[in-house]
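Here's the structure, in structure tokens; my notes come after.
What follows draws every value from the coordinates through simple rules; no lab data is involved. Because the structure is predicted, anything quoted here is derived from the model rather than measured. Using ideal geometry, Cβ is built from the backbone for each residue, glycine included, and neighbour counts are taken over all protein chains shown.
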Amino acid sequence: MIDPANGEHVNDRRPAGRRGREPVATRLPLLFPGSLGDEQRAVYEAVTGGPRAARRPAFRFVDDAGRLLGPFNAMLYSPSVGLPLQDLGAALRFHTAFTEREREIATLVVAAHLRSDFEWYAHERTGRRAGLGEDEMATLREGRAPLFADVRERVVYEAVRQLAAERDLGDAVFTEAVATLGRAAVVELVTLVGYYSALALQLRVFRVGLPDGEPEPQWPPEPEAGWRPGAGPGFAPEDGHE
């Protein structure tokens, strides 16, 4: 087929005997491995190989026809951006100071704040493997703070919650994060929030759906207009009129 955006041939080499059905909603056709150029192939191999190949994946990021799912398909369309982006993701997942639980708490907070279906689908399963309980994940999905016994996990949660909601860290949270996690880990945490926020934006813009048969996350109702976190139920007072 011809990609209407740039006139290039895509998906011309469909594997024999595989239908490779397109997801219900996507603006970027999924690319078959046999249709990839050399630079695209390098991205494909980086995603499907390396640390991700060391153990069975917790979620599906390759379909039965070998095509990349989730945010990874978009990386193939611009290898010069896609390869560094996937390298950054691999560094954040496998080469930071965080435990697996801490990393998944942070990622799930971002996914829940942005209501990113695929991001939540992937990291709910990864979080379960990392040891997060169903009650903890349900609480995160609802935008509430779980009762973490570990002080580092509480600090990670609060810092990411503030980063996601306010795009900044207040002095008190920043000071506590540095004291508890260290400066290097705070740099990594801010980068993690930016990375998964960027992926969530791509997933939204390109209308990336979930793999076939996977249920959508059950998000809580949207807050009422004028409400802000910490203000309690109903409407927040206007500034200067409390």
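Length gained on full extension, Arg27 to Ala90: 20.2 nm, using 0.36 nm per residue less the C-alpha separation. Pop the C-beta distance of Thr180 and Thr48 into the FRET formula with R0 = 51 Å and round what comes out to the nearest 0.05. Given R0 = 51 Å and the Cβ-Cβ separation, E is 0.90. Packing-based ranking of 191-203, 124-136 yields 191-203, 124-136, ordered from highest to lowest mean Cβ neighbour count within 10 Å. Averaging the sequence gap over all C-alpha pairs within less than 8 Å and six or more residues apart, then dividing by the number of residues, gives the stretch 87-178 a relative contact order of 30 percent. Multiplying the residue separation of Ala198 and Val81 by 0.36 nm and removing their Cα-Cα distance gives an extension gain of 40.9 nm.
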